[in-house]
Structures are given as C-alpha cells and as structure tokens.
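Quick note: the coordinates plus some simple rules give every number you see, no bench work behind them. Everything numeric in this text was worked out from a predicted model, so none of it was measured. Backbone-built Cβ (ideal geometry, glycine too); neighbour counts: all protein chains shown.
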There are 2 protein chains.
Amino acid sequence: MTRWPLPEPMKLALEQAHAAARAGEVPIGAVIVKGGQVIAAAHNRPRALHDPTAHAEMLVIRAAAAALGQERLDDCDLWVTLEPCPMCAGAIAHARLARVYYAAPDPKGGAVEHGARLFEQPTCLHLPEVYAGLGEAESAELLRDFFRARRR
Amino acid sequence: MTRWPLPEPMKLALEQAHAAARAGEVPIGAVIVKGGQVIAAAHNRPRALHDPTAHAEMLVIRAAAAALGQERLDDCDLWVTLEPCPMCAGAIAHARLARVYYAAPDPKGGAVEHGARLFEQPTCLHLPEVYAGLGEAESAELLRDFFRARRR
C-alpha cells in the first residue's frame, strides 16, 4: 500500500512538532499559509517561554499577524498537528482564519470536535472551514512516544 | 445611597480599560494579583500590536508568568473588566489561576456564564473560583460610551 503523500504545510507542521519534542516541549507544531506561501511556523513553547499561552497555534497566529502587520488573517490557512484547545480555537476565530487543517483529534483537550466544540457555538463570531485527519498517524505517534518517554 | 467602594485591583483594571479607550482600543483592562501585590497590569491592544490574541487577559497572564519566571500562576488572582471570551477563559485554565473576578457580563462574546461556559465543560482542566459583577456598572458604561462614539 502506498500512503497518499502529506501536503507540504502538514509536513512542515510535523517538523515543528519534532522540534518541540527535541526541546522538551509537548510535540505540537503549526504553520500558516497565505496564497501558497508559508508565512509563519512555530511549535509549542510554554516551558521555554514561561508562558501558559505559548501553544503552537498562538505563536504562529501572532507571528503571521506581525509579519503581515495586521490584526486579521482572513486569507490565511492554519495547519496544526493536534486539534486546537479552547484558547487556540478562540484565537482562530479572532484571527478570522479561513481554513484550519489539523492532524490528530484530542478528546481530552480539543475544542473543535470535542469538549466545548467552539465553532458550533451560536455565539462564535467566525467559522473557519475545518479539515481533520491529514497526518493523524504521524502526529499521534509523536505525542505517544513523547509521553511514553516521560513516564519512564 | 453610598456605593460600596470597589476593591483596589478592580479600580486598577478599570484604569487600564480607560487607557485602552484613550488608545482607540476596545476598553477592557486586567490586573493580576499575588499575595496582595499587583504583579502585572494590561489593557486590550490587538490594533496597536497587530495581534488578534492581544486581549487584556492574555497580555496580563503573559506578563505575570514572565515576571514570575514560571508557566503557571497557581496562587494568583485575575481581575478583569469584562467576562472573558473562550480564548481568554482557556488561557485562564492553562495558567491555573486561582480566582477570576470580572466586572461586566458579555452575552455576545463571553465564555464563562455565556456561550461555551468553558469552566463547566467536563474536559476543562482547571476550575478557578469565579466572582462576577464588581464594577459592572463602571465597565459597562465605559464600553457603551466607546462604541457609541465609534458609531457616530
């Protein structure tokens, strides 16, 4: 069997997740793409930055907005290796991101298809298109390996 | 009638909200207190910073964590002039803040007593104590005046 090749932005997000693991952070990575160009990439860094908000999605949204010099990312797509949490899903809505692609679901911490299901709330101010599952196996394996090694 | 005086941290949060209005930002302010000392204060700055995540709560949480050199704010209290949105409520949970005091409710954007009611979700990883309403009139008036002036 030949697996369908992952889209380039998800490969880059997974590379970011690997970089997080090497730095001792929970391995989650994200990139933002505009018009086919990657304009920002980041990984989870709450420990290194002493910042509980420093999830990959938050850092990449802030970097993309800074790069564009604007508060909103209307024409941009976010690629991330794990289902966003409520904080990050809220930031995605504030940023007006057009599309969100995430790899693995997160039944414990996710807020897209789990928990608060933020984009389904009537009060949600912006609904991105959401595509899940591309790169799920790779992302889930990386997270599993990381937490397995930590438990030893 | 004599109004009960507002606690000092809420007065400071309202001063921050006034500073936001003067800077042309939606007037929301926040402070973080630890052991009776204010360790960080911030106001809403998404426009100035070109950062859709730059809500008062996010900035004050990041500033407090940086000041303490740690990722979690277990012994800290957040005072904020408006009910936190999903992004900020999520950050409050990640930061493990002990108590949250907010002034005005936000039926459209709030996620504590409205919308996703994030702290009531079974998957919410941390429940702060929440106290609402102190300074509600002052905060609501400030927001009303700001949006009324903008509509002209």
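Values as computed for the structure displayed
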{"item": "Order of A:Cys88, B:Cys124 under a 10 Å beta carbon neighbour criterion, fewest first", "result": "B:Cys124, A:Cys88"}
{"item": "Ranked list, fewest to most other Cβ atoms within 10 Å of each Cβ, for B:Tyr101, B:Tyr131, A:Tyr102", "result": "B:Tyr131, B:Tyr101, A:Tyr102"}
{"item": "Closest approach to the B/A rotation axis among chain B Cβ atoms, residue and whole-Å value", "result": "B:Ala116, 2"}
{"item": "For A:Ala23, label point 7 Å along C-beta direction: distances to other copies, nm", "result": "2.6"}
{"item": "Table column - 3J(HN,Hα) (Hz), segment B:20-35, Karplus curve with 6.51, -1.76, 1.60, x for Gly and Pro", "result": "4, 4, 4, 8, x, 9, 3, x, 9, x, 8, 9, 10, 10, 10, x"}
{"item": "Charge dipole (debye, nearest 20) of the protein assembly as shown; +1 at Cβ of Lys and Arg, -1 at Cβ of Asp and Glu", "result": "340 debye"}
{"item": "Inter-chain shielding of B:99-110 (mean C-beta neighbours from other protein chains, 10 Å cut-off)", "result": "1"}
{"item": "Point-charge dipole on Cβ atoms (K/R +1, D/E -1) for segment B:88-132, about Cα centre, debye to 20", "result": "100 debye"}
{"item": "GNM top mover of A:Ile92, A:Ile61, A:Ile39 - chain A, alpha-carbon springs below 10 Å", "result": "A:Ile39"}
{"item": "For A:Asp77, A:Asp145, order by how many other beta-carbon atoms lie within 10 Å, fewest first", "result": "A:Asp145, A:Asp77"}
{"item": "Partner lysines for A:Lys11 [C-alpha distance under 22 Å; skip if fewer than 8 residues away on the same chain]", "result": "A:Lys34"}
{"item": "Separation of the B:Val38 and A:Thr123 label points, Cα + 7 Å toward Cβ, nm", "result": "2.8 nm"}
{"item": "Largest-first ellipsoid semi-axes for segment A:100-145, taking √(5λ) over the Cα gyration tensor eigenvalues, angstrom", "result": "23, 12, 6"}
{"item": "Amide N of segment A:97-114 lying under 19 Å from the label point, which is placed 7 angstrom from the Cα of A:Arg3 along Cα→Cβ", "result": "A:101-106"}
{"item": "Other-chain or far-sequence residues with amide H under 5 Å of A:Ala104's (modelled H)", "result": "A:Leu82, A:Glu83"}
{"item": "Area projected by the alpha carbon convex hull of segment A:2-59, averaged over all directions, nm²", "result": "4.5 nm²"}
{"item": "The protein assembly as shown: Cα Rg divided by the 2.2 N^0.38 Å rule of thumb", "result": "0.99"}
{"item": "All Cα pairs of segment A:67-121, percent lying beyond 19 Å", "result": "24 percent"}
{"item": "Max mean-square fluctuation residue, GNM over chain A, Cα-Cα springs under 10 Å, options A:Ala30, A:Ala103, A:Ala56", "result": "A:Ala103"}
{"item": "Segment A:30-100 - convex hull of the alpha-carbon atoms, volume per residue in Å³", "result": "79 Å³"}
{"item": "Listed residues A:Ala23, B:Tyr101, B:Phe119: farthest to the positive end of the dipole of the protein assembly as shown (Cβ charges)", "result": "A:Ala23"}
{"item": "Computed over chain A: relative contact order in percent, which uses C-alpha pairs under 8 Å that are six or more apart", "result": "20 percent"}
{"item": "Tail fraction, Cα-Cα pairs, segment B:11-147, threshold 22 Å, whole percent", "result": "29 percent"}
{"item": "Inter-label distance, nm, simple model (7 Å from Cα along the C-beta direction), A:His114/B:Ala98", "result": "3.0 nm"}
